[in-house]
Amino acid sequence: MEQYHISVDFWNQTHIKKIKQPKELSLPNSEPGRVPILVIQFSTETGYRYSTDEMFGRMCIVATIKCRWPLHPGYMHSFGMTEHYFVVVEQPLSISLSTAVVNRFKGDPLSSALKWFQDCPTLIHLISRTDGKTVKTFKSDAFFYLHIINQYEEDDHIVIDICCYRDPSMIDCMFVEALQNLNKNPDYAAMFRSRPLRFMLPINCDNPTSGDVENDHLYVSPEKLCDLGCETPRINEFNIGKKYRFFYAISSDVDAENPGTLIKVDTYNKTCKTWCEQNVYPSEPIFVSLPDAEDEDDGVVLSSIIWGGSECENQAGVIVLDAKSWTEIGRAVFVTQSPVPKCLHGWYAAAV
Ligand SMILES: [Fe+2]
């Protein structure tokens with residue numbers, strides 16, 4: 001089983017007549033050589049489409065769902081897949097097509113075409129992997145998200161864990177001007193506040209029948225997995241799409257005593273362990289299993305690190321933690337020819 005991760009830049013994929021938005025993948029289960037991707041197609045019939053693509057050579061649409069608002073398709077950064085279902089989380093952060101087209105001509109950033117519908121729910125669509133039909137749609141209070149942690153089927157439920165924000169104001173926090181003035185903004189940390197939440201979606205429930213399609217979606221309320229802000233979540237790849245216990249993340253609490261914290265969350269006990277070092281800022285923690293692993297967390301976690309301040313700006317490293325004990329095993333430090341910026345995502349490729 002392999003995990004595919006596509007991170008094609010959405011903004012460079014923009015066209016006036018047709019915009020495709022390839023998504024990151026939080027799932028495998030695919031046939032070898034075939035990559036499931038989710039694209040938003042802007043046409044006379046705007047919708048989300050699941051496709052499998054043989055490394056972009058032959059595209060084959062396996063499912064299509066309509067956007068909630070045809071002129072405002074939802075922004076989605078990742079999606080889920082279980083043994084039998086695709087899971088599409090349609091948040092009320094949308095892309096205004098009209099603004100996007102105008103921005104294209106004016107040369108304005110497309111980020112200003114994002115529109116947040118505060119009073120509208122987030123929708124979670126379950127789509128059959130057998131026939132591509134939408135099986136059920138759930139709704140929850142509005143939340144913004146970038147990364148789905150994992151999802152799986154258990155006891156007639158789909159369990160889906162997501163790094164959730166109350167709203168998308170954290171996007172505004174990442175503009176250079178906002179970063180330069182963050183100490184003057186008392187709301188900065190709150191704007192960045194997120195928590196990992198678990199949604200339990202009953203597959204075989206009966207929906208209310210008021211006749212209003214939007215109102216008839218079953219409301220689901222999430223459970224908090226850990227009381228720390230978590231981002232760039234990773235798990236043991238063997239458990240993607242399956243019941244799992246642990247995930248690893250970086251802290252997203254910018255007001256924490258040490259914001260550069262790595263977190264291991266136990267989803268069974270709802271407990272977590274942290275690792276941090278003064279002035280060290282890690283990136284996405286990547287779990288690498290031991291060849292003879294018996295337990296889910298038998299392995300190491302790799303994370304690239306940089307240091308704050310100007311003294312160590314020409315330095316970068318990789319830290320290795322024992323995933324089970326959550327302690328450092330070792331690190332490699334490199335001197336670089338120029339300052340190294342903070343990275344967010346990361347990737348590991350085994351030697352071939
Ligand atoms: Fe991402």
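Just so it is clear, none of the values below were taken in a lab; they were calculated from the coordinates. Values in this document were obtained by computation on a predicted structure and should not be read as measured data. Glycine also receives a Cβ, built like all others from the backbone with ideal geometry; neighbour counts cover every protein chain displayed.
For LEU93, what is the net charge nearby, where nearby means another residue's Cβ is under 10 Å from its Cβ and Lys, Arg count +1, Asp, Glu -1? Could the numbers behind the result be given before it?
Values: positive: LYS115; negative: GLU90, ASP167.
Summing Lys/Arg as +1 and Asp/Glu as -1 gives -1.
How large is the charge dipole for region 245-351, taken about the Cα centre, if only the Cβ atoms of Lys, Arg (+1) and Asp, Glu (-1) carry charge, to the nearest 20 debye?
180 debye
With K and R counted +1 and D and E -1, the other residues having a Cβ less than 13 Å from that of LEU228 yield a net charge of 0. For SER303, SER111, the sequence from fewest to most other C-beta atoms within 10 Å is SER111, SER303.
Computed from backbone phi with θ = phi - 60° and the Karplus coefficients 6.51, -1.76 and 1.60, the 3J(HN,Hα) list for region 338-350 is 8, x, 9, x, 5, 9, 10, 7, x, 8, 10, 10, 5 Hz; x is used for glycine and proline. Around the amide H of PHE143, modelled in the peptide plane, lie the amide H atoms of THR122, all under 5 Å away and 5 or more residues distant in sequence or on another chain. Neighbours of LEU262 by Cβ distance under 13 Å: Lys/Arg scored +1, Asp/Glu scored -1, total -2.
Would you please put 112-121, 143-152, 181-190 in order of how densely packed they are, using the mean number of other Cβ atoms within 10 angstrom per residue and starting with the highest? Write down the numbers at each step before the final one.
Values: 112-121: 15.2, 143-152: 22.9, 181-190: 11.6.
Taking the mean over residues of other Cβ atoms within 10 Å, the ranking is 143-152, 112-121, 181-190.
Based on other C-beta atoms within 10 Å, arrange VAL220, VAL265 from fewest to most.
Details: VAL220 17, VAL265 25.
With the fewest neighbours first, VAL220, VAL265 line up as VAL220, VAL265.
Sorting MET200, MET170 from the fewest to the most surrounding beta carbons within 10 angstrom yields MET200, MET170. Annotation for region 59-123 versus region 236-311: alpha-carbon center distance of 29 Å.
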